[in-house]
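Undergrad: Here it is, the structure in full.
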Amino acid sequence: RCLLKMVKGNIIVPEDILSFCCNGLQGSTSPPRAREPGEREEAPGAMASPPAAHNPTEVQMSQLVLPCHTNHRGELSTGQLLKWIDTAACLSAERHAGCPCVTASMDDIYFEHTISVGQVVNIKAKVNRAFNSSMEVGIQVSYEDLCSGKHCSICRAYATFVAQGPLGSKVRLEPLIPQTEEEKIEYSIAAERRRMRLVHKDTLKDLLTSSPQETELETRDGSGAVPAERTRVESVELVLPPHANHQGNTFGGQIMAWMENVATIAASRLCHAHPTLRAIEMFHFRGPSQVGDRLVLKAIVNNAFKNSMEVGVSAEAYGQEMSVSRRHINSAFMTFVVLDQQGQPRTLPMVAPEPGDGERRYREASARKKIRLDRKYLVSCKQTEVPLSVPWDQSNKVYLSYNNVSALKMLVAKANWALAREKEKVRMYTLEEDKFLSFRIEMSVCIPASRAFSLLSNLRRRHEWDSHYVSAELVQKVDDDDMIYHVVSQKLRDENKPQDFVILASRRKPCSKGDPYVVAFRSVTLPTHPARAEFTRGETLCSGFCIWPESQEMSKVAYYNQAMPGYLTYVTTNVAGLSSDICSTFEACEKFLLKNKEDLISRLQD
């Protein structure tokens, strides 16, 4: 009523109300001063608004860890942390969608540290990218010690949310426009993470099929093994209004917390100690539950390795009627360790699985462990920490492909490219970083982007325009988007032998309007193609093409390369203008594209 009150024809503004309230608290009964017509508003310095965030979807949450949030060790319960993470992520998603959102999945989470009573948990969540009706939200979690001022990272997570309209209908989302360099990188790589989520089940199935020797049952003396059935836990929870979100559905964070609780009990039954949760493999919500539902939570230790164990946990829902079948709404796999007094992981007893499903879960746990190691090493770490020529095999193909494409997209999104040379239509840019000198060379070509993409992604034709290439043999077709080639190139200066490379070529079509066609290259190793005496084995960390449609018949073609030490002199010579070899090669690339475009038109006319 105060906001709408009129004083001498002027509306009282919030600053006046604040002044009135403060004066009232100090015993003043003076009415607020009405602003004269035309008078400019002056914001008091003490109440100045903070600068607007670049991303309007960003949500920040700070929570003081109280004794009620902790376990027996005085450390923040992981279940409570999951609730806070899910809350912040949901609020960020709803800022972008403008309507209710539900959690669809939560990617792998690796917990780096524990948090103690009295410390502050800081959570930052923002939408990285919006697809049709789903969006990826990135979450950063850190803790702050108020006494020492120390800040430390806890984990990083990615959650997928789905926007819902009336009666649960899907809502088409507006695209998100990234502003900063960091946001552009996350936006670009979000499409790769989405692709990886969709093939996760196929990756596990392929590993179990192609590598059965890696998932055989334990052959050591198992006299001290604990039967897996002894670790089984089943618990029921009644969903009450405090457990539901503002839409009436069971809060996703609450379900995750209940699942973590039963998983911890199962792990404790194996080790007879208090375990510590180290990692969670993807939560996947298969359906909703509502207030009044009964949730049955089940957990069992699937496998115990030397210093860690995997616990499988699931959640099923049913209503009051027992005759109605249970609905499987969520499942996850959690990795626990038991720490000694020095904080080091203890050796765990072995698990004896039950025949049938128990043995299947045992084998799958071994396969998931390998997948987790591949994913953590190739996906979670920084690009500069991934070694060159990572061994390629069937189990890590998805993550190598992800790493290959995301590395190029990260290079493309960098903001500090500087124009170094311009020769007719060809422009050359450089990017100087701590460890690398990268270059980008681009031009516009009169060819449809899809046709340029098809031609440039085939390395067997690169020798037609790139004089450095002698030959490229297709060694293995991994799938429609990934190929492995053995490439032979010309001799470098001061070298008496030609170079050879084993290269993974990963190609991607645009995920949505505005995305480029991508062809990414990186070195891998194959046992069938070891280094040979007649060649100098070369390596490439990150290179490839990005092709943007400018019209139906015009495309911008850009080539990126993160120069390796052996290639550095060649690059700097061209940057300095002492050679035009790179520009000439790219001009030859244009002629190759135009020639093959005309050949295609001629064939269509014939």
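Undergrad: Loop only by DSSP, 13 or fewer other Cβ within 10 Å of the Cβ. Give me the trypsin sites (Lys or Arg not before Pro) in segment 97-163 that pass, ordered by residue number.
TA: K150
Undergrad: Ignoring everything but the protein chains, give the 1.4 Å probe accessible area of Y517 in square angstrom, nearest 10.
TA: That residue has around 40 Å² of solvent-accessible surface.
Undergrad: For segment 56-183, what is the Kirkwood estimate of the hydrodynamic radius, computed as the reciprocal of the mean inverse distance between distinct Cα atoms, to one decimal in Å?
TA: Computed over Cα pairs of segment 56-183, the Kirkwood hydrodynamic radius comes out at 15.4 Å.
Undergrad: For L373, L167, L526, give me the order by solvent-accessible area with a 1.4 Å probe, most accessible first, ignoring ligands, DNA and RNA.
TA: Of L373, L167, L526, the descending order of accessible area is L167, L373, L526.
Undergrad: With a 1.4 Å probe and all protein chains kept in place, how much accessible area does T335 have, in Å² rounded to the nearest 10?
TA: 20
Undergrad: Give the residue list of GluC sites (Glu not before Pro) in segment 107-189 that are DSSP loop and have at most 10 other beta-carbon atoms within 10 angstrom.
TA: none
Undergrad: Scan segment 410-511 for trypsin sites (Lys or Arg not before Pro) in coil per DSSP, keeping those whose Cβ has at most 14 other Cβ atoms within 10 Å, and list them by number.
TA: K425, K435, K491, R493
Undergrad: Here's something else I'd like to know. Using a 1.4 angstrom probe on the protein heavy atoms only, could you order K83, K369, K170 from most to least accessible area?
TA: K170, K369, K83
Undergrad: Using the C-alpha atoms of segment 226-375, what convex hull volume per residue, in cubic angstrom, is computed?
TA: Looking at segment 226-375, the number lands at 127 Å³ per residue.
Undergrad: Ordering H463, H69 from largest to smallest accessible area (1.4 angstrom probe), what's the sequence?
TA: Result of the area sort, largest leading: H463, H69.
The values are calculated or read from the model by the stated rules, or taken from the named source; none is laboratory data. Since the model is a prediction, treat every value here as computed from it, not as a measurement. So basically every Cβ, Gly included, is an ideal-geometry build from the backbone, and we count neighbours across all protein chains shown. We work out accessible area using only protein heavy atoms, side chains counted, and drop any ligands, DNA or RNA first. Shrake-Rupley method; radii C 1.70, N 1.55, O 1.52, S 1.80 Å.
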